[in-house]
Amino acid sequence: MDYVLKFFGERFERQRITIEFSEEFKQIAITDIPSRIYPVFTNIINNAMYWVSLSNNRLIKIGFVNSLVIIANSGPAIDTDDIPRLFELFYSKRANGHGVGLYLCRENLAVAHHKIWYSEPDEGDNYLIKDGANFVIQFNGVEF
């Protein structure tokens with residue numbers, strides 16, 4: 001949490017983006033090396049900042065639900081046809097995007113047996129953003 005605020009804090013203010021951390025997320029410690037974890041958060045949040053800037057409601061939420069880290073944003077939801085390709089190398093819908101970031105996130109996490117995927121909210125999902133983009137990370141080691 002501190003890393004995210006230090007790295008992006010000024011941009012959150014400048015772009016009028018609200019960042020919310022759940023109380024559960026604030027209580028966890030991910031047991032892996034920072035050089036594996038920080039780039040994942042950096043990429044997903046940087047992407048979220050781009051996409052939420054296209055909407056009036058600029059919100060990024062980071063939570064910990066059912067032993068999973070959720071990074072949700074109020075930008076446009078990912079088109080269902082694009083979901084299977086999101087983590088492919090060179091696949092991007094972002095203007096001037098290179099399609100490398102999410103690929104590297106998945107590959108980097110996989111080395112330590114962590115997993116990342118995109119999730120569409122179901123009825124009863126309280127943390128995912130209904131019309132937004134929602135990424136889920138299952139870390140191999142989390143301490144409370």
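What follows draws every value from the coordinates through simple rules; no lab data is involved. None of the values given here were measured: they were computed from a predicted structure. Ideal geometry is used to build each Cβ from the backbone, glycine not excepted, and the neighbour counts take in all protein chains shown.
Relative to one another, the C-alpha centroids of the stretch 1-29 and the stretch 88-144 are positioned 17 Å apart. Residue 77 sits among other residues whose Cβ lies under 9 Å from its own Cβ, and their net charge, with Lys and Arg +1 and Asp and Glu -1, is -2.
Between rounded, prolate and oblate, where does the stretch 87-136 land on the alpha carbon gyration tensor, with a ≥ b ≥ c its root eigenvalues, rounded for a/c under 1.5, else prolate if a/b exceeds b/c?
Values: a/c = 3.73, a/b = 1.36, b/c = 2.75.
Verdict is oblate for the stretch 87-136.
For the pair residue 28 and residue 144, the difference between a 0.36 nm per residue extended length and the Cα-Cα distance amounts to 41.3 nm. Couplings 3J(HN,Hα) for the stretch 69-84, derived from phi with the Karplus relation 6.51 cos²θ - 1.76 cosθ + 1.60 (θ = phi - 60°), are 8, 10, 10, 10, 9, 8, x, x, 5, 6, 4, 3, 5, 8, 4, x Hz, where x marks Gly and Pro. Residues of the stretch 23-41 with an amide N closer than 17 Å to a point placed 7 Å from the Cα of residue 113 along the Cα-to-Cβ direction: 30-33. Annotation: the residues 32, 79, sorted from fewest to most other C-beta atoms within 10 Å of their own C-beta, follow the order 79, 32. Here's the picture: charge each Lys and Arg Cβ at +1 and each Asp and Glu Cβ at -1 in the chain, and of 134, 40, 25 the one pushed furthest to the positive end of that dipole is 40.
Averaging the sequence gap over all C-alpha pairs within less than 8 Å and six or more residues apart, then dividing by the number of residues, gives the chain a relative contact order of 27 percent.
Looking at the square roots a ≥ b ≥ c of the eigenvalues of the Cα gyration tensor of the stretch 13-92, which shape do they give, rounded for a/c under 1.5, prolate if a/b is larger than b/c, or oblate?
On the way: a/c = 1.66, a/b = 1.17, b/c = 1.42.
Here the stretch 13-92 falls in the oblate category.
Summing charges over neighbours of residue 46, with a neighbour being any other residue whose Cβ is under 11 Å away from its Cβ, gives +2 when K and R count +1 and D and E count -1. Ellipticity at 222 nm from helices only: DSSP H runs of n ≥ 4 in the chain, each -39500 (n - 2.57), divided by the residue count, give -10000 deg cm²/dmol.
With an a/c value under 1.5 for the gyration tensor axes a ≥ b ≥ c computed over the alpha-carbon atoms, the chain is described as rounded.
In a simple Cβ point-charge model (Lys, Arg +1; Asp, Glu -1; nothing else charged), the stretch 1-132 has a dipole of about 520 debye relative to its Cα centre. With neighbour counts taken as other beta-carbon atoms within 10 Å, the residues 49, 1 rank, fewest first, as 1, 49.
Residue 36 to residue 82: FRET efficiency via 1/(1 + (r/R0)^6), r the Cβ-Cβ distance, R0 25 Å, to the nearest 0.05? Here the calculated transfer efficiency is 0.45.
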